[in-house]
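Only one structure is covered here, and it is reproduced in the block below.
Laboratory data are not the source of any read-out in this text; all were calculated from the coordinates shown. Nothing here was measured: the structure is a model prediction, and the numbers come from that model. Neighbour counts are summed over all protein chains in view; Cβ atoms, including those assigned to glycine, are modelled from backbone coordinates with ideal geometry.
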């Protein structure tokens, strides 16, 4: 039983994201590597970053990234190195280039558009007067203010 | 035999739904009371038939009837009973059957409890609801029939995906579906009102409880799913901006907007046409969500059926219902005139801003979810849109929402004075600011995320307290007034406070989490943060349908042992799948989250430790939001005066 269990456990690995043997000795460098790998996609996984993924490709990419950082690459250079080899698909944070500005601009643009429409609607509501609502007389206004401001 | 009866009941339900779709609608058009009255018994019959059918399928799972294809593919005789039951909806066919069961349930509820609706409106609502049922029943019967038999039944099944064998996930889909499908009620009311050409305060009051119930279920369902991801997937994430998660999040955002705009319709008879549009869109997004998950168009962690034929069918349903409703809307919306007049500064305006922010936030999520597809089809660019995008593009809207919420909810209807709304909130604001500042001072060299989240959380919670205190007025008798505060007000306060708690929790977790990866040798203690962990032992354990290596790790702080954690690495032999079972020491201030990895070549085991501050606040906040919804749902006006039409003046109240 125990042996079977051991075999099965071995079959089951790797189960795990970042392995202890990948971790760099320099904590600052390692922190940068972790930060960067959270923005890189594991290409064979479904919507997982290489930092989270258990796939062996993700491990290779993590090691590659760390090699670049140890070799003295800046964050940008290291990411560009990987994008050059694996394509734009590897970036979880889409670049704001080309038509992608539509993606990034969608929220603000929509807010402007909807906000504009909203203001037009609200002004219309504030101005329109239903006939049943006669304006208050000066005396009533004064009394109302008295009540409200008390 | 039972299986065949279930299959037969499903076909019968399809027939009944067809009748319920056509006859009452025709009757409402012709003004024939008898034809309209068909709707109620038909709705009840349809529900009972589908329930029988669902029961038959569940029976097949419980008794492990391996002559059924579905049971073979998703069950195993050694599986614990809970997961045999939840296996009924842990697959594509069964989950679609659950979906129509809930559609029929809501229809039957509207028939049973809708006695005070005008008969014509009720007939139309039930007819539209039946139309949704017809579409999905056809979908099940023609493309994904759960009752197909095997030619030669095998001895045992292929087991349910082990990741799904978990109590949190056993109940996640039913709640989510109650939410998705609950929005179909709002949709049916909207379409019926458009056909009728009439939306008034009473309509707002009828629609609100359904929307509220749907929103509560969605909140619980999403929270369960996120909690499951947190403890089961083994790296302590709680939200991944996965297409499937977004599919449930978009209807949630729109339902939140809808239940706020329905208040304006109910109280002030304004925003009618926008509310109708929201109701259509909210259900439309539920359908889009179903389409995304079922078609496998955007593959993700938990899509379990990827089949183009099914995808096209659901796309057709989506097109017919959303498209049809929108065409109807464009024809009839102009007939809905607003009555209430309000100033530029008023609670109405604040609720419009709420709707604006929620709807645009939903739009951002939608664009982000669909963009990879758009880019691939039209721009020939293969790209990813992941968490960094959503965090950057979505969060500002939630920050703005949190900022204005206490101010807006302090404003009176019709016209407000900004200083009058702000003045009582001044201490809450300053206190929240101080708390955020303190957090900023105590952390060194980190981003603004944590302090801002803490500020927003405190601002929302304290703003809510101030709001309730304002309701008590001045002078004596405050306690009496507190007791007599309507439940809707308690609901509002609880839900808004809950949002604050969740926001603070998310920010705290994302900003201040600490993690540690290392090889731990048995008996050698190691430090993470202010804690000392010691791996004591790793032993082999046999579960009902899995094998496990279970570690024993003691957690100590300042020399005193706090608890013993037992993280596991499981292997499910039938499904040939490993899973991680993290061990978590829960507490309000932080979670200590431990995962055990592989045995290392040089001895020792890989151990991953996280300290995750304020994590439980996320789910406590969600629970508070759901509780707020339930409180609001139990408000007197829904129980007593639900839909009571305005009596003409002079008639005494009963």
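Some points to look at:
- Per-pair calculated FRET efficiency, R0 = 45 Å: residue B:601 and residue B:152 via Cβ, rounded to 0.05: 0.45
- The packing ranking of peptides B:14-26, B:517-529, B:96-108, highest mean first, is B:96-108, B:14-26, B:517-529, where packing means the average number of other beta carbon atoms within 10 angstrom of each residue.
- Length available on full extension from residue B:373 to residue B:542: 0.36 nm per residue minus the Cα-Cα distance, which gives 56.4 nm.
- If you sort the three axes of the alpha carbon gyration tensor as a ≥ b ≥ c, you get a/c of 1.5 or more for chain B and a/b no higher than b/c, which makes it oblate.
- Residue B:485 versus residue B:73: modelled label distance in nm, points set 7 Å from Cα along the beta carbon direction: 5.2 nm
- Over chain B: helical MRE at 222 nm, DSSP H runs n ≥ 4 each giving -39500 (n - 2.57), nearest 500: -20500 deg cm²/dmol
- Ordering of B:564-577, B:318-331 by packing [mean C-beta count within 10 Å, highest first]: B:564-577, B:318-331
- Tensor-based shape of the stretch A:22-112 (alpha-carbon gyration tensor, a/c under 1.5 rounded, otherwise prolate or oblate): prolate
- Extended-chain gain in nm, criterion 0.36 nm per residue less alpha-carbon gap, residue A:22 and residue A:85: 20.6 nm
- On the basis of the beta-carbon distance and an R0 of 56 Å, residue B:37 and residue B:468 show a calculated FRET efficiency of 0.80.
- Across peptide A:48-61, the average count of Cβ atoms from other chains found within 10 Å of a residue's Cβ is 2.
- Here the mean projected area of the convex hull built on the C-alpha positions of the stretch B:1-149 is 8.5 nm².
- Peptide A:104-114 has a mean of 6 when you count, residue by residue, the C-beta atoms of other protein chains within 10 Å of its C-beta.
- Proxy reagent accessibility, fewest Cβ within 10 Å first, across A:90, B:501: A:90, B:501
- Cut-off 16 Å (backbone N to label point 7 Å along Cα→Cβ of residue A:31), residues of the stretch B:481-517: B:511-517
- Burial ordering of B:503, B:81, B:150, B:398, fewest other beta-carbon atoms within 10 Å first: B:81, B:150, B:398, B:503
- Label separation (residue B:48 vs residue B:522): 6.3 nm, computed from points 7 Å beyond Cα along the C-beta direction.
- Per-residue shielding of A:38-47, expressed as the average number of other chain Cβ atoms within 10 Å of the residue Cβ, stands at 4.
- Extension gain for the segment residue B:267 to residue B:589, taken as residue separation times 0.36 nm less the Cα-Cα distance, is 111.8 nm to one decimal.
- Gyration tensor (alpha-carbon) shape descriptor, the protein assembly as shown, a/c threshold 1.5: oblate
- Summarising the label geometry, the points placed 7 Å from Cα in the beta-carbon direction at residue B:433 and residue B:81 lie 6.0 nm from one another.
- When B:427, B:546 are sorted by how many other C-beta atoms sit within 10 angstrom of their C-beta, beginning with the fewest, the order is B:427, B:546.
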